[in-house]
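One structure is given here, and the rest of the page talks about it.
The values are calculated or read from the model by the stated rules, or taken from the named source; none is laboratory data. Quantities reported herein were computed from a predicted structural model and do not represent experimental measurements. Note: ideal-geometry Cβ built from the backbone for every residue, glycine included; neighbour counts use all protein chains shown. In case anyone asks, the SASA skips ligands and DNA or RNA and just uses the protein heavy atoms, side chains included. Shrake-Rupley method; radii C 1.70, N 1.55, O 1.52, S 1.80 Å.
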Amino acid sequence: MSTEARFPYQDPTLSVDQRVEDLLSRLPLEDKVGLMFHPLGHTAALDEPGLFGMPSMAKLLERRINHFNILWASSARDLAAWHNTLQRTVLERPLGIPVTISSDPRHSFTDNPATALMAGPFSQWPEPLGFAAVGSPELVERWADTVRREYLAVGIRVALHPQIDLATEPRWARISTTFGEDAELTSKLAVAYVRGLQGEEVGTESVSAMAKHFPGGGPQLNGEDPHFAYGREQVYPGDHFDYHLAPFKAVIDAGVAQMMPYYGMPVGTEYEEVGFGFNRGIITGLLRERLGYDGIVCTDWAILGDKFWGVEELTYEERMLKSLDAGVDQFGGECRPQVLVDLVTAGKVTEQRLDDSARRLLREKFRLGLFDRPYLDEDAADLLVGSAGARAEGLAAQAAAFVLLANADAGPARLPLAPGGALKVYAEGLSAEVLGDRAALVATPEEADVAVLRLAAPFEPRGEAGTVESFFRAGSLDFPAEEVERVRRICATVPTVVDVYLDRPAILTGIAGHAAALTVNFGAEEQAFVRVLFGEERPQGSLPFDLPSSMAAVEASRPDVPFDTADPLFRFGHGLRYDA
C-alpha cells in the first residue's frame with residue numbers, strides 16, 4: 001500500500017473492484033445517497049446562489065452530492081480553477097470522495113440551456129447532423145477525441161451525450177443533435193463517438209459517455225417534446241419500436257458507460273404508460289435483462305419534481321420509489337437526498353438497493369482516475385481548449401458537411417462562384433469582412449450579378465421569451481408565405497444562391513425551384529460557407545434525412561417509421577458534388 005494511503009480504497013495499486021468494495025463498506029448512508037443525485041452545478045463562488053432557484057454549491061456539497069452538470073463557462077481557465085476549488089473542498093472531508101463534473105454538448109451551434117450549449121471557449125464543429133451528412137466514422141471519432149481532450153482540460157468527465165435518437169418525426173425540436181433518420185448510419189457514428197470519448201474502455205484519460213435517450217426519443221406524437229406535458233407521448237403506429245433500439249444496442253456492445261432514459265411515456269405498446277425513468281419494463285426488463293446492460297442509468301433532469309409523466313398522481317416520495325424500483329442509479333437534476341435517506345430509515349428502501357447503484361457510481365469515479373488525480377493544470381486549460389488546430393479542424397468539418405442540393409447548369413450563380421473581385425454580390429448573412437476580396441458586396445439585388453441568402457429552418461415560437469420552452473424550435477416546417485414570396489422576388493431579380501441552416505428537415509418546396517443553387521448546412525460559420533461558395537472547400541455532405549415536400553405529408557406520416565413522408569422533395573443520401 002502507498003505510504004499516503006490510509007485505507008485500501010486510496011491505494012492505486014489495488015484493482016478497481018477492490019477499491020470500490022472497501023470504500024462502499026465505509027460509506028455512511030448519507031454518502032451512499034449523495035452519490036445518487038446529479039443536479040446542476042453553478043460555476044461561481046461556492047456560496048453564491050445557484051441557477052434557476054437551485055441551492056448554492058456549498059449547500060449541495062453539504063448534502064454529500066458529488067455529481068454536477070454545468071452550463072456556461074467564461075473561459076477554460078476559469079472552469080479549471082472552479083473545478084480545483086471544488087475538489088479541494090470535498091477532498092478535505094472524511095473519506096474524500098472527489099466530484100464528477102458532466103456537461104451537455106458544447107462544441108456546436110445549438111444554444112439551448114436544456115439540451116446543448118453554444119461552443120464558447122471550446123472548438124466549434126457542425127451539429128451531429130453535419131457528421132451524419134459526411135457519414136465518416138473516422139471523422140466522428142476524431143471530433144469526439146477533440147471533445148475528450150478539451151473536456152479533460154477543464155475537468156468534465158461525463159458527457160451527457162451522444163444523443164442517438166432517430167429523427168423519424170420531422171417536427172421534433174431535438175433533431176439537430178442527432179445523427180439523423182437512419183438507424184444503420186446512426187449506429188456506426190454512435191459507436192465511433194463513444195470510442196472517441198472513452199477509448200476501448202473507460203480509463204484515466206477517458207470521458208464517460210452517457211447515451212440518450214433510451215429506448216429512443218424520436219417517435220414523438222405530433223413532433224412535440226416531452227420536456228413539456230403536451231409532448232409526453234411517444235407513439236409507434238408503424239410498430240417500429242425495435243428500429244429505435246438499434247443504436248443503443250450498438251453502443252452497449254461498444255461499452256458505453258452510462259445511459260439516460262427520456263422523459264416520454266410509451267403509448268399503445270406492451271410497456272406501462274409511464275415516463276421511461278419510472279418504467280421497470282423498460283429499464284430492468286428491456287435494458288438490464290434483455291440487452292444485458294450493467295452500466296449506470298441516470299434519469300433525465302427533474303423527473304421527480306417537474307416532468308413526471310404518467311405518474312402525476314404520485315407524491316415526490318412515491319415517484320422516487322417507483323424510479324428506484326424501475327432500476328435507475330441516479331436522479332438527474334434532483335437535489336433532495338434527505339428524502340431518500342428518510343425512505344431508507346422508514347424501511348421503504350433497503351440499503352442493499354442503494355449499494356447496487358453506489359457500487360456502479362463509485363466504480364466510474366475510480367475508473368476515471370478521479371481519486372488519484374483530482375486536480376487540473378489551470379494554465380494549460382486555456383492553451384488546450386479551443387486551440388488553433390482544433391478550431392481549424394472544426395471549420396473544415398463545418399465546410400465538409402454542407403449539402404449541395406441543386407446547382408445551376410451555367411451562369412454566375414453556378415457553384416463554386418468565380419472569385420477575383422469582379423463579381424458583384426448582394427448578400428444576406430455574409431459580411432464584407434469575411435467575403436474579403438473574393439467579390440464586391442453591393443447593397444441591392446438589382447445591382448448584383450449574384451445574390452446569396454442565408455436562411456434558417458422555420459419554426460413556431462413557443463412559450464414566453466426567456467423561458468425554457470422558448471428555446472425549443474418546434475411546430476410547422478413551412479416557411480411563412482411572406483418569406484417565400486420575398487425570396488422568390490430576389491430569385492426573379494438576380495440568379496440566387498440560397499443556403500439554409502437545417503436544425504430540422506425544413507420544407508423547401510416553395511424555394512427550391514426558384515434558386516439557381518441550393519445548399520443546406522448543419523451549423524457553419526460565415527467563413528466556412530464562403531470557402532464552400534468559392535470552391536476553397538468542397539461540400540461533401542449528403543442528406544441525413546428526407547426533406548418532406550409539404551406539411552400535409554409530414555402530418556400524414558407515422559412518427560416511428562423512417563422515410564415515411566410521401567413524395568419527399570429530396571431523399572436521404574442526396575447530395576451533389578462540384579466535379580459532377
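Taking every protein chain into account, the accessible area of the stretch 351-487 amounts to 46 square angstrom per residue (probe 1.4 Å). In a Debye calculation with equal point scatterers on the alpha-carbon sites of the stretch 400-441 and no solvent, what is log10 I(q)/I(0) at q = 0.15, 0.18, 0.28 Å⁻¹? For the requested q values the scattering log ratios are -0.43, -0.61, -1.09. Charge tally around Ser387: other residues with Cβ under 10 Å, Lys/Arg +1 each, Asp/Glu -1 each, net -1.
Sorted by packing (mean other beta-carbon atoms within 10 Å per residue), highest first, where do 246-259, 450-463, 345-358, 173-186 land?
On the way: 246-259: 21.5, 450-463: 18.4, 345-358: 14.0, 173-186: 25.0.
So the peptides 246-259, 450-463, 345-358, 173-186, ranked by packing, come out 173-186, 246-259, 450-463, 345-358.
Surface composition of the stretch 250-368: carbon plus sulfur atoms hold 44% of the accessible area, using a 1.4 angstrom probe and ignoring ligands, DNA and RNA. Counting only Cα atoms, the size of the stretch 1-150 along its three principal axes is 52, 38, 26 Å, in decreasing order.
Net charge of the neighbourhood of Pro247, taken over other residues with C-beta under 15 Å away and scored Lys/Arg +1, Asp/Glu -1, is -2.
With the highest mean first, a sort of the peptides 364-371, 47-54 on other beta-carbon atoms found within 10 angstrom per residue produces 364-371, 47-54. Note on the stretch 95-244: with neighbouring protein chains present and a 1.4 Å probe, carbon and sulfur make up 48 percent of its accessible heavy-atom surface. Inverting the mean 1/r over all pairs of different Cα atoms, compute the Kirkwood radius of the stretch 71-116 and quote it in Å. Taking the inverse mean of 1/r over all distinct Cα pairs, the stretch 71-116 comes out at 12.4 Å. The convex hull built on the alpha-carbon positions of the stretch 136-288 has an orientation-averaged projected area of 8.9 nm².
Distances longer than 19 Å among the Cα atoms of the stretch 332-409: what percent of all pairs is that? Don't skip to the answer; put the middle values down first.
On the way: 2119 of 3003 pairs.
Pairs farther apart than 19 Å: 71 percent.
Using bins of 10 Å that start at zero, the share of Cα-Cα pairs per bin across the chain amounts to 3, 17, 27, 25, 16, 8, 3, 1, 0, in whole %. Using the empirical formula 2.2 N^0.38 Å as the baseline, the Cα radius of gyration of the stretch 469-565 reaches a ratio of 1.19. Shown here are the Rg and Dmax of the Cα trace of the stretch 216-342, at 14.1, 44 Å.
When the accessible area of the stretch 440-580 is computed with all protein chains present and a 1.4 Å probe, what percentage of it is carbon and sulfur? Kindly include the intermediate steps, with their values, before the conclusion.
Numbers: 2810 of 5680 Å².
That fraction is 50 percent.
Taking the average, over residues, of other Cβ atoms within 10 Å as the packing measure, peptides 233-242, 60-69 rank 60-69, 233-242 from highest down. Helix 351-367 axis versus longest C-alpha principal axis of the chain: approximately 60°, rounded to the nearest ten.
To the nearest ten degrees, helix 76-91 and the longest principal axis of the Cα atoms of the chain are 10 degrees apart.
Could you sort out which of Lys188/Lys322; Lys32/Lys249; Lys59/Lys212; Lys322/Lys365; Lys322/Lys348 sit more than 23 Å apart by Cα distance in this structure?
Long pairs (Cα-Cα over 23 Å): Lys188/Lys322; Lys32/Lys249; Lys59/Lys212; Lys322/Lys365.
In the stretch 238-301, Rg over Rh equals 0.94, where Rg is the alpha-carbon radius of gyration and Rh the Kirkwood radius from pairwise Cα distances.
Of all DSSP beta bridges confined to the chain, the antiparallel ones make up roughly 15%. Here the stretch 432-481 has an Rg and Dmax of 17.1, 43 Å, counting Cα atoms alone.
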